[in-house]
1. Mind ordering 62-68, 10-16 by average Cβ neighbours within 10 Å, highest first?
2. For the range 78-209, I need the span (max minus min coordinate) of the C-alpha atoms along each principal axis, in Å, sorted largest to smallest.
3. Quick check on the chain: helices-only [θ] at 222 nm, where DSSP H runs of length 4 and up contribute -39,500 (n - 2.57) each and the sum goes over total residues. Nearest 500, please.
4. Spin-label point model (7 Å from Cα, Cβ direction): what's the GLU138 to VAL36 distance in nm?
5. Report the relative contact order of the range 8-63, percent, no decimals, based on alpha-carbon pairs under 8 angstrom and at least 6 residues apart.
6. Given a 1.4 angstrom probe, I'd like the percentage of the accessible area of the range 91-228 that is carbon and sulfur, rounded to a whole number.
7. Taking springs between alpha-carbon atoms closer than 10 angstrom, which of GLU138, GLU80, GLU111 fluctuates most in the Gaussian network model of the chain?
8. Determine the shape class of the range 156-207: with a ≥ b ≥ c the square roots of the Cα gyration tensor eigenvalues, call it rounded for a/c under 1.5, and otherwise prolate if a/b is greater than b/c, oblate otherwise.
Amino acid sequence: MASTFPVYSIAKPFLAQAVIELGLPLTDRIGQHLSVISEPYANRRIDKLLNHTSGLADYSALAAYGQAVENRTDAWSREELLDRCGALNHSIDGFNYSNIGYLLLRMMAEEKTGFSMFGAIREMVLNPLAIDGFEEWEAHSEIVPGYDPRWVYSGTFLADADSIKRGFVKLVQHRAKTIGLDAGMTLLPYQGTGFDHPGYSYGFMNDVDLVTGQPKFVGHGGGGPGFAHMILVNTANWQVGLETSTADFDQAAAIRRLRESTTL
């Protein structure tokens, strides 16, 4: 049996799709759909949470978070995390990658479906698209010894390399056939990403064709204790590539290699 690993933030596109499948107006404020959530979080629009333009900071800005993960302590409750993050700057202009935002989306998906995040993704995305080979990851295991996966507040799951590649292509193709891969697209003013024209849409990292506005490549990175990854799909031929590492990882270099390998 192929070995599984935590995909870390490669889970975000799948969570984003589960949120889309809820059928809620994406311009609604998330506070309209979460029973208990206060400022500075409640007034953020769902669509802006999906593409990281809501203004929220990221919990990685908390020094205590990084220290606690390094010390292999048990994760804080969500309530404690959000309380600790309340003092961060949540008035950031433009794109700012925020795991806090995806935690809020996760909480909404769980509340609306009555499932855990993985259960919501399974019922709303994996089963309808005939995607298999994924496993829930919410408890300590020897996959990352001593690490509490609940520290990934935005959510993740386990998969083997072949399963995540097959599933990711199906997800990208489904998005292309429904609301479009350009839905929610925001162009990013970053250099050295490995993309010619980087963008972020609803849960996807993109290399955008500036003439058509459509992404030429769609993917996502993921990293945490023990593993780092980059997955990428060429939208011209639906070829998919994945790089994964248990050591140092240069995401931009991986993107460049994956662009080349999926173009052959």
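The values are calculated or read from the model by the stated rules, or taken from the named source; none is laboratory data. Just so it is clear, the structure is predicted and the values come from calculations on it, not from any experiment. We place every Cβ from the backbone using ideal geometry, glycine too, and count neighbours over all the protein chains shown. For accessibility, only protein heavy atoms count, side chains too; no ligands or nucleic acids. Shrake-Rupley method; radii C 1.70, N 1.55, O 1.52, S 1.80 Å.
1. Details: 62-68: 13.3, 10-16: 26.6.
Final packing ranking: 10-16, 62-68.
2. Largest to smallest, the principal-axis extents are 42, 41, 32 Å.
3. On the way: 8 runs with 79 residues, N = 264.
Calculated mean residue ellipticity at 222 nm is -8500 deg cm²/dmol.
4. Taking the simple label geometry, GLU138 and VAL36 are separated by 1.7 nm.
5. Values: 32 pairs, mean separation 14.3, N = 56.
For the range 8-63, the relative contact order is 26 percent.
6. Values: 2810 of 5430 Å².
Whole-percent figure for carbon plus sulfur exposure: 52.
7. GLU80
8. Details: a/c = 2.49, a/b = 1.40, b/c = 1.77.
Oblate.
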